[in-house]
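Notes follow once the structure below has been shown.
The values are calculated or read from the model by the stated rules, or taken from the named source; none is laboratory data. Remember, predicted model here, so these are calculated numbers, not experimental data. All Cβ positions, glycine included, derive from the backbone under ideal geometry; neighbour counts span all protein chains shown. Accessible surface areas use protein heavy atoms only, side chains included; no ligands, DNA or RNA. Shrake-Rupley method; radii C 1.70, N 1.55, O 1.52, S 1.80 Å.
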Amino acid sequence: MDRSRFSSPHKQRGITTILIVLLVGLAVSVTVAATIYSLRGTQSQQLTTHSATAAQAAAWRGVEALRLYLLQVEKTVWPGWVGNDAKPVSGLGALGVRTALVTSVQSAGTDRYQVTARVTGEAGVGSALTTATVEVVYDVSPGSGTPGTPEVCHSLPNAPMVFNGNLNYSGGSLEVVNPVDYENVVVAGDLTIGGGSTARISGCVKGNVTLSGGGITDNGHLHSEGDITINGMGNPSGTTLWGRNVTVGNGVSGGNYTAIKAGAYSTVVYSGGRAIGTAQVGGQLVAATVTGGIPWTKGNVMPFNSGRVVITLNDQSRFLLDLSKVAIDPANGGVSGAAASERLRDALDKGPDDATLPDELAFTSLSVTGGDASLHTLTVGQLWGQKVSVLGWSGKYDTLWAGGNIDMVSGTIGNLLGGGNMTVSQVQVTGSGRLAGSLNSPLAKVLANQVGTSPGLPGLPWCDARVKAVDAGNYKGAANYIFESVNGLPQLTIQHVKRADGSAIDGVYPLRNPSASQLGVLQELMTCGNGNDKGCLGIRQGNGSWMLDGVWKMPAGVLWFDAGVTVNGTTVDLLNTFVNKGSDITLTGSGHRDLVAPNFAGAAKVCGADFYPSNLCASRSAFVTWEGTDSQGKPITYTGLPIGNTAIVAEEGAAMAGWTIRGSVMLGKQLSTSGAVVNIHGSLTVGSNQRADTTITAGGISLEVPNGSGLNLLPICGGGSSGTPSAPASASVQWSRYL
């Protein structure tokens, strides 16, 4: 059989090879598994018994590596392998295996196969070179069930910046450049901006917002499920504030706001005449159902046909209902189509797994939640709340709506609509005005005591601050360089890596006492210690962490670490994705170049290098492509694997000072910045695995949203399955002899 048939996945037709298994992430590297296995358990004892020489030991390592590989071959592949044609096996050189050849595969019954192979090990050099060949027969029973699939890393985060916790910013930088048409910043806790700092951000907050000093970006918005309180801030232009209550203090005057909105109806949710839950809803009360005097607070709600509402059922299950996707009865406010809602399954959802939301709903208000909109002297396009207080002079309000009472010292109103009483001092209405209640003094163009007058309430915004957990193990199959401590010793496993001539260098490389050939490869790949550590043999620290200090050379591709890693100075750009399993990743302020994710670096630099990641590259000049969908769900072909858009993936946190990072950053826990500003071209997610508060007092983050050439893809892992094996695979050595 032609060697290429066994080693090249592109030329296979229905046959799974070692390389295919590695690429799709369905199995670990054979060489890794063999090395680990050969150092422990009964097989280790067997190897010692059979191995009289180093060459024999190498041959038996190859025998075990091949056995572990046979365990991974899918059931559907075996019938195509039956026959006496030889199948060369590659990729075992790092174990000291000169050649490995499967000489025949025979059926030994239903779903059982007999595999015969020859493995030759070698040891020594020159005149001391010795070899040993073992012929072995395996008995193999493939596993049954469905194979697992790897996690897919190509879903969008909810914003370029996501903080799963409180965000406290009082110094340094916090900005989003080249913003997109959705939230720029999402905060799952409280947002506090103080100390005279200006945050160039726009987004939503699950908790309260407190701003004092500095300011926020023009033409953006701050939406909060809690209260928004502003004191002493420099005014933005064209900003929208929307929360439960909104207070703009006396130190903020003259600003130009598009809208300031507050308040919602606190409702009981009915289905079929039965109370099934609660929700906070925006809309207008149906006049025929209102009870009580003015201002109206009780009655059936006619929801606005926009926005999203969280419904909590009596069993404590929670559903997110998109009101733009339901039908609303204009007569009574009844909603149909609610069954298409989304189950939130968040920390507050404690309902049974099989809970469902009925298709038809009705919302009945019992009271108002929030609704206080208080300010001094501003220019506002739309000012809307339950209770509106304008305490300053000479402001301008194009539209002023209040579900309840209005207290206004001075200002000019375009159009006025109030559901309660109004108290004024020096107010002018240029359009028209209607009030359900009284007016303390006559006001031109305003009619008081108008029955049925109420603008309703805007409702509350819902902030999607959900995050997806970061599991570094999901990326191990896609990694090119795996740095691990095995039995206390540092080890580098290389996979999916080829030289410029197309030859693979995959294998296990001990970083302590490598062989001459292994050392030669390492020295070609990496240089640390400002040129003094060729091969980066000394990067593992005494505490088990990894230190890339004074990096002069580092190959492009995905670097995977089993513990914390520190990068302390580089003289070259690092064209890498850093994946970190344990402890923090630290990018110190010591002299350095940039960290550039492979897709951001470009195919010419990554695929055209002396060593290149073959899983990321379709050729020496092009990245691989894959089929996905765009933001509208339409099929699209993407260039570059999603992992190549990511610069840092860490299960723990990160500490950074003054780096430029081209690629997305995903942190399982906290972020710390110091020194100069960290510039990120991509997305930043903090606290994916654990709620983490972020405090920025120096340094800070400037984030630029990339665009074009597929680089607007900001990946998070999701999906995949572990498979459903009903019977495990087995592979054992039935017979062996030395040749």
Only one of Gly273, Gly307, Gly299, Gly283 is at positive phi, in contact with a Phe, Trp or Tyr (Cβ under 7 Å, 6 or more places away or on another chain) and not polar (S, T, N, Q), namely Gly283
Leu366: passes all of (1) under 21 Å from Gly452 (Cα atoms); (2) open to solvent by less than 50 Å² (accessible area, probe 1.4 Å); (3) assigned to a strand (DSSP E or B) but (2)
Of those in the range 273-310 that are without any contact (Cβ under 8 Å) to a residue 12 or more places away in the chain and of a type in the set (A, V, I, L, M, F, W, C), the residue most open to solvent (accessible area, probe 1.4 Å) is Ala288
Of the listed residues (Asp372, Asp315, Asp329), the one being within 34 Å of the chain's Cα centre (by Cα) and open to solvent by 20 Å² or more (accessible area, probe 1.4 Å) is Asp315
Exactly one of Ile636, Ile701 is under 30 Å from Gly171 (Cα atoms), β-branched (Val, Ile, Thr) and modelled with pLDDT under 95, and that one is Ile701
Pairs returned, first residue in the range 188-200 that is under 21 Å from Arg691 (Cβ atoms), second residue that is among the polar types (S, T, N, Q) and part of a loop (DSSP other than H, G, I, E, B), beta-carbon separation under 6 angstrom, 6 or more apart or interchain, are Ala188/Asn164; Gly189/Asn166; Asp190/Asn166; Asp190/Asn208
Condition test on Leu492, is it open to solvent by less than 50 Å² (accessible area, probe 1.4 Å) and assigned to a strand (DSSP E or B)? yes
Sole miss for Gly254 among (1) under 22 Å from Asp398 (Cα atoms); (2) open to solvent by less than 10 Å² (accessible area, probe 1.4 Å); (3) touching a Ser or Thr at 6+ places or on another chain (Cβ under 7 Å) is condition (2)
The residue from Ser672, Ser726 that alone is at pLDDT below 90, part of a strand (DSSP E or B) and either closer than 30 Å to Gly143 by Cβ or out of contact with any helix residue (DSSP H, G or I) (no Cβ under 9 Å at 6 or more places or on another chain) (or both) is Ser726
Subset of the range 433-446, residues more than 15 Å from Ala402 (Cβ to Cβ) and surrounded by 13 or more Cβ atoms within 10 Å (Cβ to Cβ), comes to Lys445
Screening Arg98, Arg118 for residues that are in a strand (DSSP E or B), open to solvent by 10 Å² or more (accessible area, probe 1.4 Å) and without any contact (Cβ under 8 Å) to a residue 60 or more places away in the chain leaves only Arg98
Selection over the range 411-432 where residues are open to solvent by less than 10 Å² (accessible area, probe 1.4 Å) and not hydrophobic (A, V, I, L, M, F, W, C) yields a count of 4
#### Entry: Flag for Leu191 being buried (at least 19 other Cβ atoms within 10 Å of the Cβ), closer than 20 Å to Val705 by Cβ and not β-branched (Val, Ile, Thr)
yes
- Query: Could you say whether any residue in the range 456-470 is more than 32 Å from the chain's Cα centre (by Cα) and open to solvent by less than 30 Å² (accessible area, probe 1.4 Å)?
  - Reply: yes
The residue that is most open to solvent (accessible area, probe 1.4 Å), considering only those in the range 257-272 that are of a type in the set (A, V, I, L, M) and either over 30 Å from Gly381 (Cβ atoms) or free of Cβ contacts under 8 Å to residues at least 60 places away in the same chain (or both), is Val268
